[in-house]
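Here is the structure we will look at.
Any read-out appearing in this document is the output of simple, stated calculations on the displayed coordinates, not a laboratory observation. All values derive from a computational prediction rather than experimental measurement. Cβ: placed from backbone, ideal geometry, glycine included. Neighbour counts: every protein chain shown.
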Amino acid sequence: MKKISKWVLTQSEFVRNTMIIGIGTSIAQLFPMLFYPILSRLFSPAEFGLLATLTAITGILAVLASGKYESAILIADSKEEAANLIGLTLALSFFFLIVSIIVLQLGYRHLENWLNEPGLAYWLFICPISAFAIIIFNCYNEWCVRNKYFSTLAVNKVTNASSTTLSKLFLGLIKISGNGLALGDLLGRLVSAGICLYRAIKIDKETFTKISILKFKPLAIKFKEFPKYTLPDQLLSQIGGTLPILFIGTFYNSTEVGYYGMTMNILSVPVSVVSIAIRDVFRQKANEDYLKTGSCKSLFVKLLKNISILGILGSIGLFFILPTLFSFVLGKEWQISGEYSRILLPMITLSFISMSLSGVLIIRKKMNISMFWQIYYVLSTLLSLIIGFLVFNNLKMVLICFAIGRSSAYLMYILLSFHFSKAQI
């Protein structure tokens with residue numbers, strides 16, 4: 001351990017920060033994975049399907065509510081301005097989500113019929129509350145990236161993963177009436193958001209006391225490109241991500257949603273955690289390089305080579321064992337998820353690469369380009385699902401078509417990021 005510590009201290013700032021977040025995200029990745037074998041036996045695929053549906057609605061609400069002003073925290077001119085951006089984001093989110101509670105309660109019957117999910121109305125209240133907790137978590141993460149609080153950022157990720165997992169486990173073990181999986185997810189997110197608020201006040205109390213409502217309107221105007229471009233961009237991303245869940249729920253059933261959701265949890269969530277850790281450090285360093293030299297191509301290309309090798313080797317190793325692994329770890333009931341995971345593995349690999357290198361378009365303030373890419377992302381997803389359903393009407397073939405369409409979008413994003421990483425004449 002002494003040798004490892006000494007080696008870490010001798011590395012560049014970029015490597016040190018990546019390793020700090022990497023350790024935290026590795027723990028955040030490992031912790032939920034350790035409990036999946038228990039959770040998969042405490043809750044049915046249908047219950048996992050309901051959680052996936054609620055999570056899809058929550059994600060869309062979280063994007064709409066914040067106006068994506070939290071994305072501007074990194075590039076704010078001063079620490080005080082960044083703090084006021086957090087205040088603006090939370091104020092907008094609170095009022096939007098209050099209205100959304102009313103709207104969801106008025107339209108719950110239509111959602112139940114559309115999503116083929118009877119009893120959904122009893123759980124819709126979770127979505128706005130969870131969305132607000134997610135926004136708090138996202139704001140503080142952006143604050144940590146801006147101020148290079150990478151150790152705190154790593155702890156945040158561990159806290160978020162452990163609180164949601166342990167809450168689900170606890171409610172599952174005591175067999176609380178209703179869906180303990182959905183309630184546990186809500187409880188965990190609230191705990192995580194509360195801890196973020198506590199740390200923010202404890203570390204930067206003086207800065208946050210300078211938040212003023214009078215500064216919100218000028219900031220909203222100054223960073224209007226974020227709700228104008230980044231919000232549609234991220235909304236399209238969220239819709240694209242939730243389309244398979246909504247599509248499977250509409251044309252098949254909640255059990256199949258559960259199988260698909262578990263597949264994405266096992267494959268996509270750990271990949272997302274690691275890629276976001278790399279991205280958080282990459283975009284901070286890329287922003288510095290761009291401000292100094294007008295280019296971050298060298299950093300981009302170097303990182304692209306390394307994470308491509310990592311992703312490809314990992315995929316090859318997993319491909320042959322996934323169905324057996326799912327069945328052994330989660331129970332025989334979940335072998336179908338293992339079969340789905342094989343189909344989606346190449347797509348997940350490309351997702352890992354593109355997510356790790358994202359942030360270039362924001363640094364270059366090319367939010368309009370990102371929005372146009374998101375349109376392609378959604379359309380390719382929707383069209384591939386429709387084609388798969390109309391031509392084959394078999395869920396496995398639908399997933400193959402979906403994987404091909406989504407992979408084309410990830411390849412396009414990598415090429416766009418590379419293009420804008422170069423110095424523009």
The distance between the Cα centres of region 390-409 and region 262-329, in whole Å, is 23
FRET efficiency for PHE170 and LYS79, using Cβ-Cβ distance with R0 set to 41 Å, rounded to 0.05: 0.60
Placing +1 at every Lys and Arg Cβ and -1 at every Asp and Glu Cβ, with all other atoms neutral, what dipole size does the chain have around its Cα centre, in debye to the nearest 20? 1260
What lysines does LYS332 reach when the alpha-carbon gap must be under 19 Å and sequence neighbours fewer than 8 apart in one chain are set aside? LYS396
I want to verify a result. In a Gaussian network model of the chain, Cα cutoff 10 Å, which of these has the top mean-square fluctuation: TYR413, TYR340, TYR108? TYR108
Of TYR122, SER44, LEU325, which is farthest on the positive side of the dipole of the chain, counting Cα position, with +1 on Lys and Arg Cβ, -1 on Asp and Glu Cβ, and the Cα centre as origin? LEU325
By average C-beta atoms within 10 angstrom, highest first, the peptides 385-394, 247-256: 247-256, 385-394
GNM on the chain, Cα springs under 10 Å; top mean-square fluctuation among THR207, THR53, THR152 goes to THR207
Calculate, in nm to one decimal, what ALA121 and ALA91 gain on full extension: separation in residues at 0.36 nm each, minus their alpha carbon distance. 8.1 nm
Okay, which of region 138-175 sit inside 13 Å, backbone N to the point 7 Å along the Cα-Cβ direction of GLU288? 146-150
Indicate the helices, whole DSSP H runs only, in the chain that combine a mean Kyte-Doolittle hydropathy of -0.5 or more with a Cα extent along their long axis of 24 angstrom or more. 13-42, 45-66, 79-106, 126-146, 150-173, 180-208, 231-251, 254-293, 297-319, 335-356, 367-391, 395-421
Run the numbers on region 15-223 and let me know its relative contact order in percent, using alpha-carbon pairs under 8 Å that are six or more apart. 32
Determine the relative contact order of the chain: mean sequence separation of Cα pairs under 8 Å and six or more apart, normalised by residue count, in whole percent. 21
Can you give the helix-only mean residue ellipticity at 222 nm for the chain, where every DSSP H stretch with n ≥ 4 adds -39500 (n - 2.57) and the sum goes over all residues, rounded to the nearest 500 deg cm²/dmol? -28500 deg cm²/dmol
Roughly what would the spin-label model give for LYS148 and ILE404, points 7 Å off Cα along C-beta, in nm? 4.8
Under 10 Å, Cα contacts only: if you run a Gaussian network model on the chain, which one of THR209, THR89, THR55 comes out with the highest mean-square fluctuation? THR209
Proximal aspartates and glutamates to LYS148, defined as alpha-carbon separation beneath 12 angstrom and excluding residues fewer than eight positions away on the same chain: GLU13, ASP280
Find how many whole Å separate the alpha carbon centroid of region 85-131 from the alpha carbon centroid of region 156-186. 20
How long is the chain along each principal axis, judged by its Cα atoms, biggest number first, in Å? 53, 47, 47
With r defined as the distance between the Cβ atoms of ILE221 and VAL99 and R0 fixed at 25 Å, what FRET efficiency is calculated, to the nearest 0.05? 0.65
Determine, from the Cβ-Cβ distance of ASN394 and SER295 and an R0 of 51 Å, the FRET efficiency 1/(1 + (r/R0)^6), rounded to the nearest 0.05. 0.60
Where does each of 326-339, 62-75, 111-124 land if you order them by average Cβ count within 10 Å, highest first? 62-75, 326-339, 111-124
